[in-house]
Amino acid sequence: MATNSTNRPSISTRLDFTEWTNEQWKDFGEGCLYVLLSFAFFRILQYIVRWYLFGKCYFRTFSYFAFRRRAGSERNPAADSTTLSAIPPNKKWRICNEIVSLLHAAVSGLWAGYSILVYKDIISDMIYYRHPVIVNLIFVSTGYLLHDLLDLLINERSVRIIELLFHHVVVLTAFATSQVTGMFLGIVIFGLLMELNSVFLHSRSLLNLYGYDKKSTAFKMIALLNMVTLLVFRLGVSLYLMYWLLTDCFSRAWYFILPCFFVIVSLFCTNTVLAYRVMAADGWFGKKRARQPSRSNAATENTAVVEEDEEDESSDECDDDLPNGVSVTRPDDQQLVANGHSTISNGHATTAHA
């Protein structure tokens with residue numbers, strides 16, 4: 001049954017667990033169960049994707065920070081953090097993680113869009129309106145976020161984790177605040193509309209990981225759809241939430257303003273930075289700012305392979321079990337030779353030292 005500002009329980013009643021009725025404890029238990037089921041589903045799905053693509057459920061991880069400590073005596077531009085944008089520390093794990101994230105984005109984005117179109121009262125009452133269909137979406141997305149957070153902490157070993165952890169903390173804070181207080185569901189569901197853009201954002205990342213040419217028709221179409229949905233469902237929604245924050249939320253009590261301000265402003269800032277980075281990488285600000293792999297990237301990636309092999313000589317080669325279609329040829333005629341521990345760039349051979 002839907003609830004709104006006329007039949008809502010007070011905040012003090014919701015926060016005083018000793019005064020909860022049997023119905024409230026039942027709702028709490030069902031919510032925890034749905035979150036656990038969602039978490040288990042996405043964990044199992046992750047292992048299924050790994051096994052289907054690569055024939056294994058676990059991958060070795062490459063720690064960029066440990067590599068820099070070991071290679072500190074031979075510091076060079078190839079070891080700079082800027083190479084992380086072109087060379088993922090663990091390509092196989094990234095591919096699987098992006099696929100699972102894409103599936104969640106498709107489900108949650110369409111679910112959020114359906115909820116707003118069908119339950120239109122949530123637009124006019126973004127604080128108090130609640131409906132079981134919308135609340136269940138929060139449970140599913142909470143389980144996914146907990147899965148992805150665990151997956152990042154286990155596998156991600158680059159500076160990229162800082163940005164991702166901040167995003168996950170912001171979203172989980174919004175989910176938890178909505179469930180504990182019984183309010184702000186409208187803000188959360190509008191935020192989940194951004195997942196419609198994530199479908200194309202993850203698709204673009206997968207094309208990059210598979211080595212698709214940026215001039216190909218497939219990449220151009222995905223990049224265009226990514227930019228359109230980014231402008232509509234990320235920047236457009238962020239601006240709408242900022243407008244609501246300034247015109248409606250600031251007239252309310254401080255305990256309403258504080259969580260709304262933190263979540264909305266954080267999402268606005270991260271989406272603005274994301275839009276700039278994507279536009280720059282796709283060459284919207286000119287070729288000079290477009291993302292272009294440097295010649296030294298090949299040496300860095302090859303050195304990473306050598307480091308992994310030294311840690312576990314009995315394991316398979318890092319790129320031997322990539323799925324069919326993954327390109328191992330780098331731009332500018334660069335090729336990686338992992339077994340020979342060398343890099344061939346435009347006919348010139350250089351040696352990568354571990």
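How many of the residues in the range 144-163 are more than 24 Å from residue 40 (Cβ to Cβ) and in a helix (DSSP H, G or I)?
So the count comes out to 3.
Just one of (1) at pLDDT 95 or above; (2) farther than 30 Å from residue 33 by Cα; (3) polar (S, T, N, Q) trips up residue 197, so point out which.
(2)
So which residues in the range 86-145 are among the hydroxyl-bearing types (Ser, Thr, Tyr), within 30 Å of residue 204 (Cβ to Cβ) and surrounded by fewer than 20 Cβ atoms within 10 Å (Cβ to Cβ)?
114
Here's the yes/no breakdown for (1) farther than 17 Å from residue 30 by Cα; (2) touching a residue at least 40 places away in the same chain (Cβ under 8 Å); (3) under 25 Å from the mean Cα position of the chain (by Cα):
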residue: 105; (1), (2), (3): yes, yes, yes
residue: 109; (1), (2), (3): yes, yes, yes
residue: 131; (1), (2), (3): no, yes, no
residue: 139; (1), (2), (3): no, yes, yes
residue: 147; (1), (2), (3): yes, yes, yes
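Taking residue 256, is it crowded, with 22+ Cβ neighbours inside 10 Å and either modelled with pLDDT under 95 or in a helix (DSSP H, G or I) (or both)?
Against the criterion (crowded, with 22+ Cβ neighbours inside 10 Å and either modelled with pLDDT under 95 or in a helix (DSSP H, G or I) (or both)), residue 256 does not qualify.
Is there any pair linking a residue in the range 40-57 that is in contact (Cβ under 8 Å) with a residue 24 or more places away in the chain to one that is open to solvent by 40 Å² or more (accessible area, probe 1.4 Å) and aliphatic (A, V, I, L, M), with Cβ under 6 Å and at least six apart or on different chains, and which?
49/99
Of the residues that sit in the range 7-42 and are within 22 Å of residue 140 (Cβ to Cβ) and in contact with a Phe, Trp or Tyr (Cβ under 7 Å, 6 or more places away or on another chain), which one is modelled with the lowest pLDDT?
Among residues in the range 7-42 that are within 22 Å of residue 140 (Cβ to Cβ) and in contact with a Phe, Trp or Tyr (Cβ under 7 Å, 6 or more places away or on another chain), the one modelled with the lowest pLDDT is 31.
Please find, within the range 146-164, the residue that is modelled with the highest pLDDT out of those that are open to solvent by 20 Å² or more (accessible area, probe 1.4 Å) and not aliphatic (A, V, I, L, M).
Selected residue: 163.
The values are calculated or read from the model by the stated rules, or taken from the named source; none is laboratory data. Note that the structure is a prediction, hence the values are computed from the model and not measured. FYI the Cβ positions are ideal-geometry reconstructions off the backbone, even for glycines, and counts take in every protein chain you see. When the accessible area is computed, the model is the full protein with side chains, heavy atoms only, and any ligands, DNA or RNA have been set aside. Shrake-Rupley method; radii C 1.70, N 1.55, O 1.52, S 1.80 Å.
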